[in-house]
1. So B:LEU100 ticks every box in (1) in a helix (DSSP H, G or I); (2) at pLDDT 95 or above but one. Which box is left unticked?
2. Can you pull out every residue in the range B:62-91 that is of a type in the set (Gly, Ala, Ser) and in a strand (DSSP E or B)?
3. If B:LYS252 satisfies every condition in (1) open to solvent by less than 20 Å² (accessible area, probe 1.4 Å); (2) outside the structural domain of B:PRO208 (by TED's automatic domain parsing) but one, which is the exception?
4. Scan the range A:695-718 and give yes if some residue there is in contact with a Cys (Cβ under 6 Å, 6 or more places away or on another chain) and aromatic (Phe, Trp, Tyr), otherwise no.
5. Out of the residues in the range A:507-527 meeting the condition of being out of contact with any helix residue (DSSP H, G or I) (no Cβ under 8 Å at 6 or more places or on another chain) and part of a loop (DSSP other than H, G, I, E, B), tell me which one is nearest to B:VAL519 (Cα to Cα).
6. Residues in the range B:290-309 that are open to solvent by 10 Å² or more (accessible area, probe 1.4 Å) and assigned to a loop (DSSP other than H, G, I, E, B): how many?
7. In the range B:590-636, which residues are within 8 Å of chain A (Cβ to nearest Cβ) and assigned to a helix (DSSP H, G or I)?
8. Restricting to the range B:383-399, count the residues that are over 9 Å from B:GLY304 (Cβ atoms) and either in a loop (DSSP other than H, G, I, E, B) or among the β-branched types (Val, Ile, Thr) (or both).
There are 2 protein chains.
Amino acid sequence: MSTGLSAVGSPFKRVDATAKVTGRARYTDDCIMPGMRYAKYVRSPIAHGYVSTIDTRAALALPGVDAIFTFQDVPDVCFPTAGHAWSLEPAKRDVADRRLLTRHVRHFGDGVAIVVARDALTAEKAAALVEVSYEELPVITAAEQALASDAAAIHPGGNLLRHSEILANEPQEAIAAADLQQHASFQTPVIQHCHMEGVTCFAYMEQPDHIVIVSSTQIPQIVRRTVAQALELPWSNVRVIKPYIGGGFGNKQDVLEEPMAAFLTLKLGGAPVKVELSREECFFASRTRHAFSVDAELGMNRDGHLTGYRLNVLSNTGAYASHGHSIASAGANKISYLYPRSAFGFDATTFYSNLPAAGAMRGYGAPQVVYALECLVDDAAAELGLDPVDVRLLNVARSGDVNPVNHKTIYSAGLIECLRKGRELFEWDARKAECVNQTGDIRRGVGVACFSYGSNTYPVGVEIAGARLLLNQDGTVNLQIGATEIGQGSDTVFAQMAAETLDIPFEHIRVISTQDTDVTAFDPGAFASRQSYVAAPAVRQAAAELRGKILAHASVMTHKPVWSLTLLNGNVVLESCPEEVVMSVGDVSMHAYYHQEIGGQLLAEVSHKTTSNPPAFGCTFVDVSVDIPLCKVTINRIINLHDSGRILNPQLAEGQVHGGMGMGIGWTLFEEMIIDAKSGVVRNPNLLDYKFPTILDLPDLECAFVETYEPQSAYGHKALGEPPIISPAPAIRNAIRMATGVAINTLPMTPKTLYREFVQAGLIGE
Amino acid sequence: MSTGLSAVGSPFKRVDATAKVTGRARYTDDCIMPGMRYAKYVRSPIAHGYVSTIDTRAALALPGVDAIFTFQDVPDVCFPTAGHAWSLEPAKRDVADRRLLTRHVRHFGDGVAIVVARDALTAEKAAALVEVSYEELPVITAAEQALASDAAAIHPGGNLLRHSEILANEPQEAIAAADLQQHASFQTPVIQHCHMEGVTCFAYMEQPDHIVIVSSTQIPQIVRRTVAQALELPWSNVRVIKPYIGGGFGNKQDVLEEPMAAFLTLKLGGAPVKVELSREECFFASRTRHAFSVDAELGMNRDGHLTGYRLNVLSNTGAYASHGHSIASAGANKISYLYPRSAFGFDATTFYSNLPAAGAMRGYGAPQVVYALECLVDDAAAELGLDPVDVRLLNVARSGDVNPVNHKTIYSAGLIECLRKGRELFEWDARKAECVNQTGDIRRGVGVACFSYGSNTYPVGVEIAGARLLLNQDGTVNLQIGATEIGQGSDTVFAQMAAETLDIPFEHIRVISTQDTDVTAFDPGAFASRQSYVAAPAVRQAAAELRGKILAHASVMTHKPVWSLTLLNGNVVLESCPEEVVMSVGDVSMHAYYHQEIGGQLLAEVSHKTTSNPPAFGCTFVDVSVDIPLCKVTINRIINLHDSGRILNPQLAEGQVHGGMGMGIGWTLFEEMIIDAKSGVVRNPNLLDYKFPTILDLPDLECAFVETYEPQSAYGHKALGEPPIISPAPAIRNAIRMATGVAINTLPMTPKTLYREFVQAGLIGE
């Protein structure tokens, strides 16, 4: 029985659209509390060393200063900060290497003390009055320094965080046996997430043993656990509330300032204390994207068959582990679906340095390794004189393929269709034909690149999600969900799912957007493009249970057998005669609430674990013009094509793709944190000097979907949140190579990089 | 299986004690929002009339004024305000006679306009600048005026709100057949609740169609419904949040300023608007206790057998219905358990007047009718030369008796034991013996009085309650409950119940004290002494379900059959060998949360309807000295004895009894709103002129419990919240009669009243 119109798959407007565009939506910084206090850090001006002396007297004397805490005052506890669900296996847990404040400063801006004052300005002034002297240590910014045998140890265990190797089907042999061996090295930069809403939170206490934290976080439940670990409290003593949030992109998949806010309120007798980072601090004292150095090799036969490839990754995690090695190893897991019939080798090393700490960021390692792989595949195709699209059509995943690493069958694989549809929409052949034998200053090129990406973290992480549905008197339904809306539109698609399974109008679902760890169904949060996939079964099962309860009560009311009734568009109707409206869902609800003796509030709650993780696929086609003398790249046309299974909401999906493409272009052509290699000082920690592309810097962003139906998925869908960022970079790089003949293997491809490369290639003089 | 120590029945400290005494608990007024606006009413200085002209120009010109709304601007919708669960039967619904603002002013201080400004002082100043002229109507303050055939109609339907009659076993005949017929008339005053925290709320919007109200209310779900009705919105468009609250005593069992706050934020584009009443406004513009006039008659045989009684009640509900006639009729229902073997007649009339609107207040009609009945029983005993305790022992309810009105069997009845225990503890016989043949200025007397009181509103109202339990990782449990903690200690006893049924330590239960109608399990709220009784089955059933889930998961973990395991003091133990700790509940929880494939968050939620309503019983013994020339009563000793079934928490129960006795003494000897009979003006609307007893004015308050076990109750308990207020008044009055020979039938028995009565009785000269 259905309305004919499916709630899932329709382009509903975001449920929070009006709240956000009218300014009514309240974010963390919109919450104030009487007596609120403000904290500001005293930060290290050097990237590596020890505090020798610290003198807080002048700062404490400033009127309005409540307290100053130094590294000597914080618990002697190391805690992890990565936004991963806890693991029962100690070996799978995140590295606990961070204290609230530190004597051993490990990066420019590391926190050695913190001032709490009646207002932010006083706190800032006082922080500047804290006198600190340092004993300097050698600053390590690169792999060779970090991994040198005589390197200064950034952490007690040394600078090698972890090494791992994945091999499938003997890649070395497969590469050697191929007609062609292609090899290159690739470098990716340190960048920052630049979410609109900065890093901010506050904490207070009502009960003597219960800390409440309001935070702009993607991961309220993980924040709760980590704060408890950092302060050595029972986990239930911490409550985390997530209001509306203005973007995270992975930065807020780390536990950031919440442990500090909790520590401060605990020290100040429960007074509300706010810890808000400035934009500058976000750059050097939250998290960044890992810089990767990838040494890549592949084997390809003359017909374009990719026999095998191996990627040797060096991942620079900076001063603290945060997500640490899991970024590098996740990169491997996520791309191992792309060319499943080729042998696969992945060797990854993650090391500490004195850069700001790197953490999760949209794509989570995949952009870096896909960049390397998809550049190299393109170079091999060029070498062999093959069409890059043809080469990919030959090698990419098809339905029925088996992932060579984890041996999981790929049920839905629309990448071939994406490539075919893209080739047609983009007019690949015609455009490519226009790019041959170019001379002149401005030359054109077209490029293509593919990716695969998982739909959650299983089997690495536990994939648990929860949903609760409460039927209101008026027949509407409140949906309380552990999955966190962070701007990606998850609230809207969950409302669509509930509406579809209940068969009530979409407008009748009200999503409770705020997560509150005390009462919201458990879900570790927004990351790994997991939410729509792993929360969907909980929503669907809860909706099915509620539907059953509505029909059962309607059956009691009407004396009709429950099997004779069904729901249609918010009404109870006869299964046999759907045009016969028996009563509205609101009528059933009113009776259930208010009948003197029978019924009750109708509701359902489900906590569900997901044990499947199908890959999403997609590709980018791009047409660029390169002004060689100006070292300037102009994107003439760019289109992303995605197989994310069934598309839940075309409008929101398009938004996700546009956002990801924009960030991808930023990473490819614009963004880089400029960190002095000798001193570790961050030179451009602000949005003026850190060149982030605005809408004026971006081309029209086109996208198209190839809808497949993933059979393991509650509504046929797969991941879409992170994937759009992945393939633009190699596609653009490949187009630039076609235009100029120069294979640029260092991101970002700013004019500065292009100049260096073009000079080196002899395209322009020095 | 049990710990030997029972969580229910133990004197645990209130779960909110520390939060409250340290000032950490946050109440409605502790919440502020950026951009908050403040509203102040323009109130009528006359008690009855029409607005002729209203001029807001001068007020609007005041800088800082955002808007002014008059009766012309509000929806033309009448809404009810009583805190009753909705009814499917229209005849059972509350009277909808109130608009947000009114042209027809019906009491001193009725609201004709409201100013919204950037701060409260500006709003107040602007309100004073609104120029209003009135056309005056006759002011009605008493029954004879209200019910006169030519009376001015306060509401379109006239001034008779409702009349009802209950008869059981032909009371007129039973009274006539007795040896003695006793008759008297009784008057009770208008009083006010005087909760510490005033009437306050604020409202704001985040979404275009969703109003959020934060309010100090006993009844968040009813506020939600009523606001929606007042503004003609779907009920789910309103969300009500109840923070900690500083007392309500029934005043906040009315929907007070929430509809206005919601209206204002709606008009102001969602800006937060606060509506807070001053203490003065609480007196004349919130709710009061109904003044009753009771004409009472009984028949008693020479042996003390009460053959029957009838009470004719005139209830003055003031300007608006609020709870209206249900107060008077509830009084009958609640006392019909007291003397179940006597014929019973109850005739009640509720009328409108131009007094401030009366509503619910602790006892809900029972104090007034028990006062009349228990005075009259005492007078008859005195007339017949019988001991008042003996007379009651002869007539009061025993287990197995059947209520003559509703024909319900009384299973637990400890009143006989209360009287016997009280007689002994109080040394009734010795004290009474000291009170004979007194002369002199100061004379002593002893008095006794009994009461019965229901445990909820069934079958008049629907009794629905909900509870949700979530197991935390550390083995503690969050209890989210619809029942509202308003200072009575309900959070604490619910934690005890959950601890007992789960068999985990009390300290491991964390109660979510805030109700939020969007997510909290449905419960209409705190009234009718219902909460511990009607929410207990929901807590017990949810706890039993959660217990089952914990054991089932432990069984999966341990490969032991589920029947071999049980819970003991927070651990899973072997049923057969309880000292064998298999693992902690925390261990089970961690595994359920974080195992890669099985388990999930363990939780349970239950919405439950209660269809039993057993009566609580009790009595007061009091010893007073009366200084006849000074017209001053001193309480030498007072003790309340209660049968409330099993006592959930002796310390909290004692607190409830002390509070009720103190309020009861206030009503008996101190409190009265002085309202000018001609003008309807309230003369003492403040805590200086309204003589409210403080701790210095009260005697030591003693109490004792007779524990019975009510078999219909989830934990054996019955009502205790309101009962302690009921019997002090007649007991004190009866003691004064014994001391002075003067039967004072008007409350409060202030020196002013005593002077009038003593002069009339010839005890003192004029």
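The values are calculated or read from the model by the stated rules, or taken from the named source; none is laboratory data. It should be emphasised that the depicted structure is a prediction, and the values quoted were computed from it without experimental measurement. Every residue, glycine as well, gets a Cβ built from its backbone with ideal geometry; the counts of neighbours run over all protein chains shown. These area figures cover heavy atoms from the full protein model, side chains too; ligands, DNA and RNA do not enter into them. Shrake-Rupley method; radii C 1.70, N 1.55, O 1.52, S 1.80 Å.
1. The single condition B:LEU100 does not satisfy is (1).
2. Once the filter is applied, which keeps residues that are of a type in the set (Gly, Ala, Ser) and in a strand (DSSP E or B), the range B:62-91 yields B:ALA67, B:ALA82.
3. Of (1) open to solvent by less than 20 Å² (accessible area, probe 1.4 Å); (2) outside the structural domain of B:PRO208 (by TED's automatic domain parsing), only one is false for B:LYS252: (2).
4. Checked the range A:695-718: no residue is in contact with a Cys (Cβ under 6 Å, 6 or more places away or on another chain) and aromatic (Phe, Trp, Tyr).
5. The extreme case among them is A:VAL519.
6. 4
7. Those that are within 8 Å of chain A (Cβ to nearest Cβ) and assigned to a helix (DSSP H, G or I): B:MET590, B:HIS591, B:TYR593, B:TYR594.
8. Of the residues in the range B:383-399, 6 are over 9 Å from B:GLY304 (Cβ atoms) and either in a loop (DSSP other than H, G, I, E, B) or among the β-branched types (Val, Ile, Thr) (or both).
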